[in-house]
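Contents: one structure, followed by commentary.
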Amino acid sequence: MKKKRKNGGQQRPQQAQKASPPKPEKDLQPQEPEQPTPETAAAPVSQPEPVPERQAEAPQVKPEPARTQDTPQPPKKAEKRAEQSTGSGLERPLTIASAPHLTTRDTTRTLMLDVLIALMPALLFSGCYFFGPRAFLVTLVSAAGCVGFEALFCLITRRRQTVDDLSAVVTGVLLAFTLPANVPYWAVLLGDFFAIVVVKQLFGGLGKNFLNPALAGRAFLFSFPAVMSAFPAVRSWEGFAIDAQSAATPMASLHAGSLPSVSLLEMFTGVRSGSLGEVSAALLLLGGLYLLARRVIRLRIPLSFLGTVAVLSWCFPQGGNSSLDWTLYSLMGGGLLLAAFFMATDFTTSPVTFWGQVVCGVGCGALTVFRRTFGSYPEGVGFAVLVMNLLAWPIDRAALTLRSVFRRRKEARA
């Protein structure tokens, strides 16, 4: 029994020794090596191998095991963001739309509505005072024809109806503004068909046409010169009919090298012969200022357009007339103001860069003066705008190239 107690007593101090605190630093000091005995001296002493220094090793990337089709892959960052933004596992759809592209709350419908509001003063005065109710009827038939042709084309081709954006209404009103007040209704509908179906819809609809539809329809109607060259005199209407007499327009006198018989005040107020939308310079300026105030258009194209016409008319007056009179009559004659504010500024057919818009306005002004001076037709605004519509993409391309070249040179100098 005593031996068992001794063994048991020996085990208890061992357990207590394990739980005892660490020894002080004196016990941890290295002790002197023991002297080798004759038995150990005879045996060869194996020296420890030198430990090689640790070198910075490149982290080894373990190859990932091949994933089977059943193993679900972890979602990527883009998918996680899409899930967080949409709240589902589906990715957010990409919205593709045609021009105009805006980052504001304005839509195509609101922009077109602003254009219609800007055209209303000229339409009201043309219908109430200058040409009578016939002006309202021509405008109404033109707008209704454009809307009808667009709706019918979308129905036949099974496209989404786009008549609610009011772009067809704007095209019809602008086309009516470029026509005489006594134009036949069949000619109006023919111009509507060419503008909407051929120029606009066959090329993809709004935003994909490369020409201004209203001006293209007017150019097509020049196939009937008798219809497009008879302009009634102002206030020659009775009821819904217009007197058959035609009067010479101010542009006919300017094309002949002489000043018109009307005064500058009559040119400004609109008491003169011409198309529906070119009679009153004051009302067209009022509509243009409204578009500028609403930020529907910018001043680059109208300013460069009218400025180029003013400079060239001042430098090259015809018929020995004074430069000031010739310049003022040239600015207020014809459809210059209508084209500068409402047609050359079209979002689809005009350049988008700053210098591209300036070049477009300068080109329109130069071509207008050139055609008025040397062309066979007195007015050259519509054809000038159509030519610059065809050059809108090359102008933008050249403007972007030059801007990148100048930027590289500036960075190289810095």
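The values are calculated or read from the model by the stated rules, or taken from the named source; none is laboratory data. Quick caveat, the model's predicted, so the values are computed rather than measured. For neighbour counting, all protein chains shown are included, and Cβ atoms are generated from backbone atoms with ideal geometry for every residue, glycine included. Calculation scope for accessible area: heavy atoms of the full protein, side chains included, ligands and nucleic acids excluded. Shrake-Rupley method; radii C 1.70, N 1.55, O 1.52, S 1.80 Å.
Quick look at the values:
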quantity	calculated
Search result, residues across the range 350-367 that are under 29 Å from residue 270 (Cα atoms) and in a loop (DSSP other than H, G, I, E, B)	350
Subset of the range 373-398 that is of a type outside the set (Val, Ile, Thr) and in contact with a Pro (Cβ under 7 Å, 6 or more places away or on another chain) - its residue that is farthest from residue 337 (Cα to Cα)	396
Verdict on residue 169 being in a helix (DSSP H, G or I), within 22 Å of residue 118 (Cβ to Cβ) and open to solvent by 10 Å² or more (accessible area, probe 1.4 Å)	yes
Residue 265 being outside any loop (DSSP other than H, G, I, E, B) and surrounded by fewer than 14 Cβ atoms within 10 Å (Cβ to Cβ)	yes
All positions within the range 375-387 that are buried (at least 24 other Cβ atoms within 10 Å of the Cβ) and aliphatic (A, V, I, L, M)	381, 384, 385
Subset of the range 175-215 (residues that are within 17 Å of residue 380 (Cα to Cα) and over 21 Å from the mean Cα position of the chain (by Cα))	175, 177, 178, 179, 180
Subset of the range 189-203 [under 23 Å from residue 278 (Cα atoms) and surrounded by 24 or more Cβ atoms within 10 Å (Cβ to Cβ)]	191, 192, 195, 196
Single residue of 122, 143 found to be open to solvent by less than 30 Å² (accessible area, probe 1.4 Å), under 14 Å from residue 214 (Cα atoms) and in a helix (DSSP H, G or I)	143
The range 290-331, residues that are of a type in the set (D, E, K, R) and open to solvent by less than 40 Å² (accessible area, probe 1.4 Å)	none
Selection within the range 204-250 - at pLDDT 75 or above, over 30 Å from residue 157 (Cβ atoms), open to solvent by 30 Å² or more (accessible area, probe 1.4 Å) and not hydrophobic (A, V, I, L, M, F, W, C)	225, 229
Some residue of the range 220-241 being among the β-branched types (Val, Ile, Thr), in contact with a Phe, Trp or Tyr (Cβ under 7 Å, 6 or more places away or on another chain) and more than 16 Å from residue 112 (Cα to Cα)	yes
Boolean, residue 253 is at pLDDT below 90 and part of a helix (DSSP H, G or I)	yes
Residue match in the range 375-384 (condition: touching a Leu at 6+ places or on another chain (Cβ under 6 Å), among the β-branched types (Val, Ile, Thr) and not in a helix (DSSP H, G or I))	no
Cβ-Cβ under 9 Å pairs, at least 6 apart or on other chains, the range 320-344 side free of Cβ contacts under 8 Å to residues at least 24 places away in the same chain, far side outside any helix (DSSP H, G or I) and open to solvent by less than 30 Å² (accessible area, probe 1.4 Å)	320/257
Count of the range 263-279 residues which are over 20 Å from residue 177 (Cβ atoms), in contact with a helix residue (DSSP H, G or I) (Cβ under 7 Å, 6 or more places away or on another chain) and free of Cβ contacts under 8 Å to residues at least 60 places away in the same chain	0
Complete set of residues in the range 280-289 that are in contact (Cβ under 8 Å) with a residue 60 or more places away in the chain and either within 16 Å of residue 333 (Cα to Cα) or open to solvent by less than 30 Å² (accessible area, probe 1.4 Å) (or both)	280, 283, 284, 287, 288
Selection status of residue 134, more than 23 Å from the chain's Cα centre (by Cα), among the basic types (Lys, Arg) and open to solvent by 30 Å² or more (accessible area, probe 1.4 Å)	yes
All positions within the range 338-357 that are closer than 18 Å to residue 288 by Cα and either crowded, with 18+ Cβ neighbours inside 10 Å or among the polar types (S, T, N, Q) (or both)	338, 339, 340, 341, 342, 343, 344, 345, 346, 350, 357
Filter result for the condition that a residue is of a type in the set (A, V, I, L, M) and modelled with pLDDT of 85 or more, over 116, 90, 94	116
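Matching residues to (1) over 13 Å from residue 196 (Cβ atoms); (2) touching a Leu at 6+ places or on another chain (Cβ under 7 Å); (3) in contact (Cβ under 8 Å) with a residue 24 or more places away in the chain:
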{"position": "144", "(1), (2), (3)": "no, no, yes"}
{"position": "151", "(1), (2), (3)": "no, no, no"}
{"position": "158", "(1), (2), (3)": "yes, no, no"}
{"position": "161", "(1), (2), (3)": "yes, no, no"}
{"position": "164", "(1), (2), (3)": "yes, no, yes"}
{"position": "169", "(1), (2), (3)": "no, yes, yes"}
{"position": "175", "(1), (2), (3)": "no, no, yes"}
{"position": "184", "(1), (2), (3)": "yes, no, yes"}
